[in-house]
Each structure stands twice: as C-alpha cells, then as structure tokens.
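Asker: Questions regarding the structure given below will be posed in turn.
The values are calculated or read from the model by the stated rules, or taken from the named source; none is laboratory data. Quick caveat, the model's predicted, so the values are computed rather than measured. Every residue, glycine among them, receives a Cβ derived from its backbone with ideal geometry; neighbour counts consider all protein chains shown.
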Amino acid sequence: MVTGRVPFDADTPVSVALKHMQEQPVEPININPAIPVAVNKIIMKAMRKDPNLRYQTATEMLKDLTLALKNPDGNFVSMAAVENDFPTQVIPTLEQKNIQDKIKEKDEKSGKKKKKENFFEKHKIFTVVLILLILFGVSLGGTVLVFNLTKSKDIQIPNLVGKTVEEVENALKDTKLTYEVQEEKYDVTVEKGQVISQNPEYKTNYKIKENTKIQIVVSLGQKLTIVPKVTGMEESEAKKALEDKELEVVVVEEYDKKVEKGVVIKQDVDPEQEVGAGSTVTITVSKGIEETTVPNVVGKKQSDAIAELEAAGIKVSTTLTEEDRTRDDGIVLKQSLEAGSSVEKGSSMTITVNQIRQLVNGTVKINLKSLLGYKEQYENVIDNTTNTVTKQPVAPKSVKVRVMVESDKVYEKSHKENETNITVPISGIGTVTVKVYIDDVLGNRTKTINLSETKELVFE
C-alpha cells in the first residue's frame, strides 16, 4: 500500500510462493524514500518469515504505531530474534501417544533400544515442509487446471453493421458468440433487414469473451413521413408529435426573453416537409429568462464590487457618491438591487460609493480701498513763518479686517483703508461660504467658492 506494488512478483503463482518462502522483501523505504524510518521498520517486522519474530499482539503493534506518529524517524522498533526458539514440530495424536508409551514401557522392561530410527522421524522439520510443499503444489496445480479449463477465451469482436440477420448468424456460427435483436426501426440510410448498430461496438484489435451476446439494431428500411409543426408547443407535446411520426428527436435548450420556459422556439426541419422515417429533427426549447443571483457588494471596494457584479452578469449603470467618514474611502455603501434576489441576467444596477472629500486650499484676495471707496483727502496747513497756506494729504485710517469661512474665523488683522492687495489663505471641502467683516460690519461682503473647481476668491 505504501509503495504501490506487491512485495513479491513473478510470472507464475509457484514462483511467487517460492519467493515468499526463500527471499526477503525489498524494504519499502528503498522504493519510496518518503516513508518514515519507523513505519518502514514496523512493516518489515510484520513481514518476518518466522511468526515468532513478528508482533505477537495488536497492542504491541499499536504501541509502535503510536510512537511512529510522535517520532517518525525513531529507532524504537525491536527487531531482535526470539531466544529459545523451537522449530515447528509434529504433535502426535492421543492414540499415537498411547502406543508410543506402551512401546517405551516395553523397551524399558526389556532394556532394548532401537538401533535404527526412521529417516523421517530424525528429520521432522524436513518432513513437515515436504508435506506442505506437496499439498501446496497439488492444490495450486488443481486450481490452475480448473481455471484454464473454465477460462473463456478472448476473441476479436466482429463487425456486424451493414450485414443482414442471416449474414450475422453465419458470421457468429463458429465464434461461440450469440446475438440479440434489441430493436427494429426505420432508417433513411440503411436498407431494410441490415444492421444499423451493434453493442458492443466494433473496434479494431478489440477483443471480447466467448459466449458474449451482441445486441443489434435492425433497419426496417426507409419510410416517408410528414414533419409536423411543433413550434410553440410544450417540449413533451412536441416530442410526442414527432415520435408519432416515427422521427428521432434531439432537444437543444437556450435562453429566450420572449418565449416562455419549456416551449419550442424553432425546429431545424420545416413543417409539412416529407422526410424518411427515423430522420432526426432538432427542436430548440426555451429556457426562459436567464436569471442570476445578485451578490452582496456592500462593504467591498468599488473595483472589486464592479468585477463581482459583472461576473454575475449584472451591469453597473450608475455610480453615486456619498460621504461617510466612519467608513473607508471607496467602499460601497449601498446597492440598488437586493443581495440574494434573482434578477434577469444583464440587468442594470446602481451602487453608492463612499467618497471622503479632502480639504482643499484656496486664497481670498481683498481690495480694501475699492470696498471702502477710499479717496485721498487733503487739508490746509498754514505756514506761520511765511504766512502761507498749503494743501497736504491726510493719512489713511486703520480698519480691522476679519475673514470667516463658514462659521470659522480664519483671519483678523488691522489694515490701512487704502490697501489694495490683502491675501488670506483659506481651506475647505467642496463649496464654502466666505464673509469679510470690516470693523465688525459685514455689509454685502458674502460670497461662495467651490474649492474643487476654483482656488481664488476676490473681494473688491
């Protein structure tokens, strides 16, 4: 079992028996090196020639097998010879023992001993082995003889196709083969009375046993029949209609959205056509709408979900997005078709994918001078020395600028009212509302910006 071959092999049973008696088997590990050392030794111990050297109890073998499981390469299997071993002896019957006792008693009284002993009594082991070999040879020879006398011969199978029944009988007359007409049917290609087919089939160099019965199908010849219209019928009804016209029927199935399941869609031979009886008509039967089971793709990555749906024959027609910051980005949150439901193959489906929007940076630019409509102002200044009047510009005032993004204050600082380029960095997700307060007054300075599309917002 562990090597895939028997321990002793030869051309004849006698040769095998002699090997069993005279030769040591090849160790399994030499044939299959993958066998553990411990298992190899257990097998060799169990195959010892002398039964006394084998395992004496099942418990003893079980113990070594258990150890082999723990230590496959261990050297724990005892292969030592048994001490005080005695050869096989012939044990006398009770009657023989009584006779021997009387002879022994008589010899003791007379003081005489036998001077000669029978050769076979001196060589008891040889006698036992010789008897066993004779018995084995007789039984083996008888078995082989009976087997050869009763064994059926192998003969080449004849080709009966195309022959008449009379020719079949003549072909099998001297072969110890028989035949049986299994069926008679019409055939458009085989003449009446000739064999259409046989079972077993004829093959070159294919032999069968003597006394085998070959079944044959005999042609009834050609008979014309009219092919009925079966399109639109139930499959069973169509088959009966064709078989009633002595036609062979082959059924092919295919999916069809328009024709109900089990109804004939088409036939390969037109109705009302005259054909030979026994001709084959192939009908195509609807399997109805091809359905598929909707897989559950919620919680899977978008790419994996689409691949699984397409493998099931479902198209992803629309992909929506939602934001769920408790889930990973790109994970399917919803599916429009219920998981586990059956739908028509090729159906469309919408999935909603989690899209976590990232913060985008932008810039708010403020032209304070333009927003306040600032214009330079001058004042008259009298020079007391020369007693002259000159105009000098008035210094601009400082105002507080505060920028709010949604409800968060992102900037607050004082600027001169004539500044034209105040730059404030902002960040947000998608579209945000920006408000600019001047000295805590908002006015109409509220605007929105879609940071995904525009990065700069100007107040002027």
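Asker: In the set E419, E412, E379, which member is more than 30 Å from I356 (Cβ to Cβ) and in contact with a Leu (Cβ under 7 Å, 6 or more places away or on another chain)?
Answerer: Numbers: E412 fails: in contact with a Leu (Cβ under 7 Å, 6 or more places away or on another chain); E379 fails: in contact with a Leu (Cβ under 7 Å, 6 or more places away or on another chain).
Going through E419, E412, E379 in turn, the sole match is E419.
Asker: Here's another thing I want to ask about it. Can you run down the residue pairs with Cβ atoms below 9 Å, 6 or more apart or on separate chains, where the first is in the range 51-73 and polar (S, T, N, Q) and the partner is surrounded by 10 or more Cβ atoms within 10 Å (Cβ to Cβ) and part of a helix (DSSP H, G or I)?
Answerer: If the second residue must be surrounded by 10 or more Cβ atoms within 10 Å (Cβ to Cβ) and part of a helix (DSSP H, G or I), the pairs left are N71/A38.
Asker: Quick one: I331 ticks every box in (1) in the same structural domain as I449 (by TED's automatic domain parsing); (2) out of contact with any Ser or Thr (no Cβ under 6 Å at 6 or more places or on another chain) except a single one, so which number is it?
Answerer: With (1) in the same structural domain as I449 (by TED's automatic domain parsing); (2) out of contact with any Ser or Thr (no Cβ under 6 Å at 6 or more places or on another chain) applied to I331, the lone miss is (1).
Asker: Quick one: which of E166, E243 is part of a helix (DSSP H, G or I), in the same structural domain as V281 (by TED's automatic domain parsing) and among the acidic types (D, E)?
Answerer: Details: E166 fails: in the same structural domain as V281 (by TED's automatic domain parsing).
The unique qualifying residue is E243.
Asker: Let me ask you something else. Looking at the range 250-307, what strands (runs of 3 or more DSSP E) fall wholly within it and have at least 2 residues that are β-branched (V, I, T)?
Answerer: Working: elements: 264-267, 274-276, 280-286, 291-293.
Answer list for the range 250-307: 264-267, 280-286, 291-293.
Asker: Something else now. Please determine whether any residue of the range 347-354 is at pLDDT 90 or above, hydroxyl-bearing (S, T, Y), assigned to a strand (DSSP E or B) and exposed (fewer than 14 other Cβ atoms within 10 Å of the Cβ).
Answerer: Here is the first cut: in the range 347-354, the residues at pLDDT 90 or above are 347-354.
Then drop every residue that is not hydroxyl-bearing (S, T, Y), which leaves 347-348, 350, 352.
Right, trim to assigned to a strand (DSSP E or B) and you get 348, 350, 352.
From the residues that got through so far, the ones that are exposed (fewer than 14 other Cβ atoms within 10 Å of the Cβ) too are 348, 350.
For the range 347-354, residues at pLDDT 90 or above, hydroxyl-bearing (S, T, Y), assigned to a strand (DSSP E or B) and exposed (fewer than 14 other Cβ atoms within 10 Å of the Cβ): present.
Asker: Filter the range 394-435 for residues that are part of a loop (DSSP other than H, G, I, E, B) and of a type in the set (S, T, Y); which is surrounded by the fewest Cβ atoms within 10 Å (Cβ to Cβ)? Full working, then the answer.
Answerer: Filtering the range 394-435 for residues part of a loop (DSSP other than H, G, I, E, B) gives 394-397, 406-407, 417-421, 429-430.
Now drop any that are not of a type in the set (S, T, Y), which leaves 407, 420.
Numbers: S407: 7, T420: 13.
Among them, the one singled out is S407.
Asker: Answer yes if at least one residue in the range 172-180 is in contact with a Pro (Cβ under 8 Å, 6 or more places away or on another chain), basic (K, R) and either part of a loop (DSSP other than H, G, I, E, B) or at pLDDT below 85 (or both), and no otherwise.
Answerer: Residues of the range 172-180 in contact with a Pro (Cβ under 8 Å, 6 or more places away or on another chain): 172, 175, 177.
Now narrow it down to the ones that are basic (K, R): none.
No: the range 172-180 contains no residue that is in contact with a Pro (Cβ under 8 Å, 6 or more places away or on another chain), basic (K, R) and either part of a loop (DSSP other than H, G, I, E, B) or at pLDDT below 85 (or both).
Asker: For the range 9-43, how many residues are over 26 Å from L62 (Cβ atoms) and surrounded by 16 or more Cβ atoms within 10 Å (Cβ to Cβ)?
Answerer: Qualifying residue count, the range 9-43: 1.
Asker: Of (1) in contact (Cβ under 8 Å) with a residue 24 or more places away in the chain; (2) in contact with a strand residue (DSSP E or B) (Cβ under 8 Å, 6 or more places away or on another chain), D270 satisfies all except one. Which?
Answerer: Tallying (1) in contact (Cβ under 8 Å) with a residue 24 or more places away in the chain; (2) in contact with a strand residue (DSSP E or B) (Cβ under 8 Å, 6 or more places away or on another chain), D270 fails exactly one: (2).
Asker: Taking N75 as the residue in question, decide whether it is in a loop (DSSP other than H, G, I, E, B), more than 39 Å from the chain's Cα centre (by Cα) and at pLDDT 85 or above. Before the answer, list the steps.
Answerer: Values: in a loop (DSSP other than H, G, I, E, B): yes; more than 39 Å from the chain's Cα centre (by Cα): yes; at pLDDT 85 or above: yes.
Yes.
Asker: State which residue is farthest from T363 (Cα to Cα) when the search covers only the range 425-460 and only residues that are charged (D, E, K, R) and within 58 Å of the chain's Cα centre (by Cα). So that I can check it myself, show each step before the final result.
Answerer: Of the residues in the range 425-460, the ones charged (D, E, K, R) are 435, 439-440, 445, 447, 453, 455-456, 460.
From what's left, within 58 Å of the chain's Cα centre (by Cα): 453, 455.
Numbers: E453: 13, K455: 6 Å.
Going through the qualifying residues, I end up with E453.
Asker: Before we move on, is G313 under 22 Å from E290 (Cα atoms) and surrounded by 13 or more Cβ atoms within 10 Å (Cβ to Cβ)?
Answerer: On the way: under 22 Å from E290 (Cα atoms): yes; surrounded by 13 or more Cβ atoms within 10 Å (Cβ to Cβ): yes.
Yes: the conditions hold for G313.
Conditions tested, residue by residue: (1) outside any loop (DSSP other than H, G, I, E, B); (2) of a type in the set (S, T, N, Q); (3) closer than 30 Å to Y411 by Cα; (4) out of contact with any helix residue (DSSP H, G or I) (no Cβ under 7 Å at 6 or more places or on another chain).
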residue: T326; (1), (2), (3), (4): no, yes, no, yes
residue: V332; (1), (2), (3), (4): yes, no, no, no
residue: Q358; (1), (2), (3), (4): no, yes, yes, yes
residue: T385; (1), (2), (3), (4): no, yes, no, yes
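Asker: Looking at the range 370-391, I want the residues that are assigned by TED's automatic domain parsing to the domain that holds N444 and have a partner that is among the acidic types (D, E) with Cβ atoms under 8 Å, at least 6 apart or on another chain. Which pairs are those?
Answerer: Taking only residues 6 or more apart or on different chains, the pairs are S370/E460; L371/E460; L372/E417; Y374/E417; V389/D383; T390/D383; K391/E379.
Asker: Would a scan of the range 377-393 turn up a residue that is within 60 Å of the chain's Cα centre (by Cα) and either surrounded by 15 or more Cβ atoms within 10 Å (Cβ to Cβ) or among the basic types (K, R) (or both)?
Answerer: Checked against the condition, which is being within 60 Å of the chain's Cα centre (by Cα) and either surrounded by 15 or more Cβ atoms within 10 Å (Cβ to Cβ) or among the basic types (K, R) (or both), the range 377-393 yields no hits at all.
Asker: Could we say that S336 is within 30 Å of the chain's Cα centre (by Cα), of a type in the set (S, T, Y) and either surrounded by 14 or more Cβ atoms within 10 Å (Cβ to Cβ) or within 30 Å of S236 (Cβ to Cβ) (or both) here?
Answerer: Details: within 30 Å of the chain's Cα centre (by Cα): no; of a type in the set (S, T, Y): yes; either surrounded by 14 or more Cβ atoms within 10 Å (Cβ to Cβ) or within 30 Å of S236 (Cβ to Cβ) (or both): yes.
Taking the combined requirement at face value, the residue does not satisfy it.
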